[in-house]
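S.K.: Structure provided below as structure tokens; questions to follow.
The values are calculated or read from the model by the stated rules, or taken from the named source; none is laboratory data. Keep in mind that this is a model prediction, so the values were computed, not measured. Cβ sites come from the backbone with ideal geometry, for glycine too, and all protein chains shown count toward neighbours. Heavy atoms of the whole protein, side chains included, go into the accessibility calculation; ligands, DNA and RNA do not. Shrake-Rupley method; radii C 1.70, N 1.55, O 1.52, S 1.80 Å.
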Amino acid sequence: MTAGAGTTIAIVDAYNDPTAEADLNVFSSTYGLPACTTANGCFQKVNQTGGTKYPKTNAGWALEISLDVQWAHAIAPGAKILLVEATSNSFTNLLAAEDYAANHAQYVSNSWGSSEFSGENAYDSHFSHSGVSFFVSSGDNGTPAEYPSSSPNVISVGGTTLHFNGNTFSSETGWSGSGGGCSVYETATSAQSAFSQYGQVNCGGKRATPDVSLDADPASGLSVYDSTRYQGQKGWWVVGGTSASSPMVAARAVVAGSVVNSSYVYGNSINYRDITSGNNGASCLVGYDLVTGRGSWTH
């Protein structure tokens with residue numbers, strides 16, 4: 001239960017979740033995880049400049065924050081969690097939060113993105129900080145690629161579907177919503193473009209997304225506790241999306257204890273489950289594909 005000890009994982013989201021810490025406590029006690037509180041030094045919540053004057057509450061983002069915080073803690077229960085809340089979901093505010101996170105954590109998870117746009121590469125520097133690993137959800141609408149998932153400085157995290165016979169895991173397929181594709185504007189890293197299977201997705205030297213994947217299909221989704229009322233409901237939810245797989249992969253990287261960048265992902269350090277069935281507008285393939293990347297990070 002000490003996996004990730006000595007490290008900090010930052011969660012960058014927009015707006016305020018007023019019940020983030022209390023909800024994390026309910027989640028932790030329910031699943032037998034160590035408490036992660038402000039009082040014991042495990043949990044810290046700040047605004048985009050590191051202060052404690054929080055943004056306005058947004059119920060939809062509060063559910064997202066609960067998901068990110070709780071599942072980062074589930075995968076890396078020994079790591080500290082720094083929740084950085086941007087004033088709004090504008091790129092200006094989210095990138096300000098990103099900068100604060102990168103200066104105060106070794107691993108940063110981002111469950112946000114938008115359509116690609118001309119000039120996006122001018123923002124890539126926000127995802128480059130010595131010794132820091134950046135993770136971004138690849139999106140929930142299939143192809144094409146999104147930004148900042150398409151930045152070559154981040155690990156783009158796609159989604160899979162888990163299948164069970166009763167309570168026994170049976171197989172894993174590509175999730176139809178998993179974001180992915182060839183970037184219009186970004187160039188592939190040398191590690192990605194030199195990877196033996198990169199050519200089969202026909203990105204022609206452009207950045208291909210995602211890099212890796214984990215469970216994201218709401219049909220095989222994650223249990224999340226959120227007491228900030230959303231759509232008339234509060235309490236336990238089953239939540240999916242690549243906004244679920246990104247904090248889990250980030251926390252998995254915390255457990256690995258390495259800087260996880262393109263060279264790491266396309267090297268031989270990680271064991272993947274190759275996902276060969278599924279379609280998000282592109283098809284899963286043997287080896288690298290635009291649905292699940294290299295596959296599901298197992299160990």
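S.K.: Convert each backbone phi in segment 110-115 into a coupling constant with the Karplus relation 6.51 cos²θ - 1.76 cosθ + 1.60 (shift: θ = phi - 60°), then list the ³J(HN,Hα) values in order as whole Hz, x for Gly and Pro.
M.R.: Once rounded to whole Hz, the list reads 10, 10, 8, x, 8, 4.
S.K.: May I ask you to order 200-208, 160-168 by the average number of other C-beta atoms within 10 Å around their residues, highest value first?
M.R.: 200-208, 160-168
S.K.: On each of the three principal axes of the Cα atoms of segment 62-120, give max minus min coordinate, whole Å, ordered largest first.
M.R.: 40, 25, 19
S.K.: Quick one: Cα centre-to-centre distance for segment 27-66 and segment 255-279, in angstrom?
M.R.: Each part's Cα centre sits 28 Å from the other's.
S.K.: Defining a contact as two alpha carbons under 8 Å apart and six or more residues distant in sequence, what relative contact order in percent does the chain show?
M.R.: 21 percent
S.K.: Right, next: Assuming a ≥ b ≥ c are the square roots of the Cα gyration tensor eigenvalues, decide whether segment 41-193 counts as rounded (a/c under 1.5), prolate (otherwise, with a/b larger than b/c) or oblate.
M.R.: Here segment 41-193 falls in the oblate category.
S.K.: Taking only C-alpha pairs under 8 Å that are 6+ residues apart, what is the relative contact order of segment 172-222 in percent?
M.R.: Contact order relative to length: 46 percent.
S.K.: Determine the shape class of segment 155-275: with a ≥ b ≥ c the square roots of the Cα gyration tensor eigenvalues, call it rounded for a/c under 1.5, and otherwise prolate if a/b is greater than b/c, oblate otherwise.
M.R.: Because a/c hits 1.5 or more and a/b exceeds b/c, segment 155-275 counts as prolate.
S.K.: Hey, what angle do you get for helix 20-30 against the long axis of the chain, alpha-carbon based, 0 to 90 degrees rounded to 10?
M.R.: So the helix axis and the longest Cα principal axis differ by about 80 degrees.
S.K.: Could you grab the relative contact order for segment 207-252? Cα pairs under 8 Å, six or more apart, rounded to a whole percent.
M.R.: Rounded, it is 41 percent for segment 207-252.
S.K.: Something else now. Expressed as an acute angle from 0 to 90° and rounded to the nearest 10, what is the orientation of the C-alpha long axis of helix 242-256 relative to the principal long axis of the chain?
M.R.: The angle comes out near 90 degrees.
S.K.: Quote the accessible area belonging to TYR185 in square angstrom, nearest 10, computed with a 1.4 Å probe and with ligands, DNA and RNA left uncounted.
M.R.: Counting only protein heavy atoms, the figure is 90 Å².
S.K.: Rounded to the nearest 500 deg cm²/dmol, what is the calculated helix-only ellipticity per residue at 222 nm for the chain, with -39500 (n - 2.57) per DSSP H run of length n ≥ 4?
M.R.: The per-residue figure over the chain is -6500 deg cm²/dmol.
S.K.: Continuing with this model, one more query. Could you state the angle between the C-alpha long axis of helix 59-75 and the longest principal axis of the C-alpha atoms of the chain, as a value from 0 to 90 degrees rounded to the nearest 10?
M.R.: The answer is roughly 80 degrees.
S.K.: Among VAL286, GLY51, SER111, flag the residue with its Cα farthest along the positive direction of the charge dipole of the chain, charges on Cβ as +1 for Lys/Arg and -1 for Asp/Glu.
M.R.: Most positive-ward Cα: GLY51.
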